[in-house]
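Chemist: What follows is a structure written as structure tokens; I'll ask about it next.
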Amino acid sequence: MTNPIVKLQHVEKVYGDKTVLNDIQLNLYPGEFLALVGMSGGGKSTILRLIAGLEAPTAGHLSREKGLVMRVMFQNDRLLPWLTNLDNVSFKNRDPEVISEAKSLLHAVGLTDKSTGYPAQLSGGQKQRLALARALLAKPQLLLLDEPLGALDALTRQRMQDLILKIFTEQKLSTLLITHDVNEAARMADRIIVVRDGQLVAETTGARGQSPEAVAQTAARVLQAILSEEPVTS
């Protein structure tokens, strides 16, 4: 069996007197698209922040594959408004290879004609495409997506889903998606885990690459798990 690139063993996270995560056991495998879903405050984003190294577990053990390159996309694009769009991707690095790669990424996300402009001139969807290009510059093996599409309109959101899936397939990225949207999780993921009150309570197979009917059926199973006190299986 393939070894996981990230492994959480009996992980807990406590803020003051509040336990946010309790006994989390989770593996993330190479080339996998994993979605964590659930209601707000359930602990989904905390798991991502622990994996990203932005916070440390209070208890338990979290291990990552040696040399694992990770990048995070947040709902807030976190672009630098005083830099051009190209410089936002390249971090103003003047190395010719870096600039060439940044231009290639702008082309990949459909923003070639916006390279000399600034983030303020972009729509919400374009800003997230720019943030995606920036995240990909480091050639990450693991892409961490913390509800990056949550503020987009439905059509732009679907286009961004398609773009992320295209890049996921082409670059064979491992991806962790945090989302409230059960349809998004069903459509994009290989595996879906429901997080409730700081615990992993249910797991099912995603419907990535399958028919709209299969996506709808998977989304219904996931929604049932979110609303129910009982676990649901594939």
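The values are calculated or read from the model by the stated rules, or taken from the named source; none is laboratory data. As the structure is a computational prediction, the values presented were derived from the model and not from experiment. FYI the Cβ positions are ideal-geometry reconstructions off the backbone, even for glycines, and counts take in every protein chain you see.
Chemist: If the Cβ limit is 8 Å and pairs must be 6+ apart or interchain, which residue in segment 121-136 that is assigned to a helix (DSSP H, G or I) pairs with which residue that is of a type in the set (G, A, S)?
Modeler: Close Cβ pairs (under 8 Å, with a partner that is of a type in the set (G, A, S)) amount to G124/A151; R129/G110; A133/A102; A133/A108; L136/A108.
Chemist: Which of (1) in contact with a Lys or Arg (Cβ under 8 Å, 6 or more places away or on another chain); (2) of a type in the set (G, A, S); (3) outside any loop (DSSP other than H, G, I, E, B) does G60 not meet, given it meets every other one?
Modeler: (1)
Chemist: Taking the condition of being modelled with pLDDT of 90 or more and either outside any loop (DSSP other than H, G, I, E, B) or of a type in the set (A, V, I, L, M, F, W, C) (or both), how many residues in segment 139-157 meet it?
Modeler: 5
Every residue, every condition in (1) modelled with pLDDT under 95; (2) more than 22 Å from the chain's Cα centre (by Cα); (3) closer than 25 Å to L152 by Cα, yes or no:
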residue	(1), (2), (3)
N88	no, no, yes
Q121	no, yes, yes
G125	yes, no, yes
L130	yes, no, yes
A133	yes, no, yes
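Chemist: Give V98, V182 a once-over and let me know the one that is over 22 Å from N85 (Cβ atoms) and either in contact with a Phe, Trp or Tyr (Cβ under 9 Å, 6 or more places away or on another chain) or in contact (Cβ under 8 Å) with a residue 40 or more places away in the chain (or both).
Modeler: The unique qualifying residue is V182.
Chemist: Right, next: Is it true that some residue in segment 53-61 is more than 30 Å from S123 (Cβ to Cβ), β-branched (V, I, T) and modelled with pLDDT of 95 or more?
Modeler: yes
Chemist: Quick check on my filter: what residues within segment 50-75 are free of Cβ contacts under 8 Å to residues at least 12 places away in the same chain and surrounded by 14 or more Cβ atoms within 10 Å (Cβ to Cβ)?
Modeler: Within segment 50-75, none qualify.
Chemist: Identify all residues within segment 113-122 that are surrounded by 14 or more Cβ atoms within 10 Å (Cβ to Cβ) and either over 11 Å from D87 (Cα atoms) or touching a Lys or Arg at 6+ places or on another chain (Cβ under 9 Å) (or both); write none if there are none.
Modeler: Listed by number, the residues that qualify are K114, S115, P119, L122.
Chemist: Can you find, within segment 193-213, the residue that is surrounded by the most Cβ atoms within 10 Å (Cβ to Cβ) among those that are in a loop (DSSP other than H, G, I, E, B) and among the polar types (S, T, N, Q)?
Modeler: Q210
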